1. For residue A:152 and residue B:126, what does the FRET efficiency come to when R0 = 51 Å and r is the distance between their Cβ atoms, rounded to the nearest 0.05?
2. Cut-off is 10 Å between beta-carbons; in what order do B:161, B:55 appear when sorted fewest neighbours first?
3. What is the Rg over Rh value, at two decimals, for the protein assembly as shown, using alpha-carbon atoms and the Kirkwood definition of Rh?
4. Normalised by the residues of chain A, what does the relative contact order come to in percent, with Cα pairs under 8 Å and at least six apart?
5. Enter the mean number of other protein chain beta carbons within 10 Å of the beta carbon of each residue in B:174-182, as an integer.
6. Measuring from centroid to centroid over Cα atoms, what is the spacing of segment B:81-127 and segment A:107-166 in Å?
7. Taking every DSSP beta bridge that has both residues in segment B:3-183, what percent is antiparallel when rounded to the nearest 5?
8. For residue A:93, place a label point 7 Å out from Cα along the Cα→Cβ vector, do the same in each other copy, and report the separations in nm, one decimal, smallest first.
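Values quoted throughout were computed directly from the atomic coordinates according to the rules given, and no laboratory measurement underlies them. Not measured: the values here are computed from a predicted model. Cβ placement follows ideal geometry from the backbone for every residue including glycine, while neighbour counts extend to all protein chains displayed.
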């Protein structure tokens, strides 16, 4: 699939809406990599500008790809082959262009709100299946992607609606549902 | 929704397929409760027969429902209001019957395989929307629900298929996708 996903740890919003950074979570690395592999995503970028955080994530990924973890549970290694730790989303552009024959990716942010450039699941699903464009879906940690980042995205994806007013899915669950809606079945 | 979910920690399969027990994971408590609340699930049962494990889960739930967590992030408490720690799935029967006017729940297991009593997402979705039957979707931890448990279920749910042969979603991601397919949109 011409689809990539990125998990952003900076700049994101904290509880009050201010700019903030979060730490990388082990469960985010695994769960989202496994969902990405299940739905044929090309690359899973884990963005964090802090060197100690990047080292932490890279150590986990190496354990499952090459270390003892790769023998204990090879399916984790298969999922984490997709994972790439990056400083900044600008690295996504170069990486995708290498695989797309020079076409830059279309960045699609995810949020619980709607924006003037919001696309529906159906519309984005059709464009992905069409196969001529390359996309990078962007997920925020903490209290969501910071507006300064959202401003730069080409598109925003329609929020997930459940059965009532409550809408506080974990980023792991949201990523799974979104991939299923865009690619599943 | 006349739908409940249960997360089973015993009896489940270990890596070799043998009977085993797993520990309760903090992320399973939170992520699945948040998905359950988002999709209007009635109750989220966390099954584990070990007293120390039950205490652990109950302490976490209390922290977010009544303790400091309820002030720090009230939406977590709202999700965890659905959570109930139980020894055994037989407790689900009594609990559902109190809310269903005496109708026992229909147990629906989840698995990466198909069985003679497998139902499709579409079929189960229709029966849930119909509103006359009460269901309990059952999820396994570890390497999945043990066959001795599966034998007793009324129905099994069709496996989630992604885009290729890889099918190793986390139970948190699988629960999110299944609730979205059965109730979402």
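1. Numbers: r = 43 Å, r/R0 = 0.84.
Once rounded, the FRET efficiency stands at 0.75.
2. Numbers: B:161 14, B:55 11.
The fewest-first ordering by Cβ neighbours comes to B:55, B:161.
3. Using only Cα positions, Rg/Rh for the protein assembly as shown is 0.96.
4. Numbers: 329 pairs, mean separation 55.8, N = 185.
This gives 30 percent for chain A.
5. Numbers: counts 5, 2, 13, 11, 3, 5, 11, 5, 0.
Mean shielding by partner chains, rounded to a whole number: 6.
6. That distance is 33 Å.
7. Details: 3 of 27 bridges.
If I count the DSSP bridges inside segment B:3-183, around 10 percent turn out antiparallel.
8. 6.3
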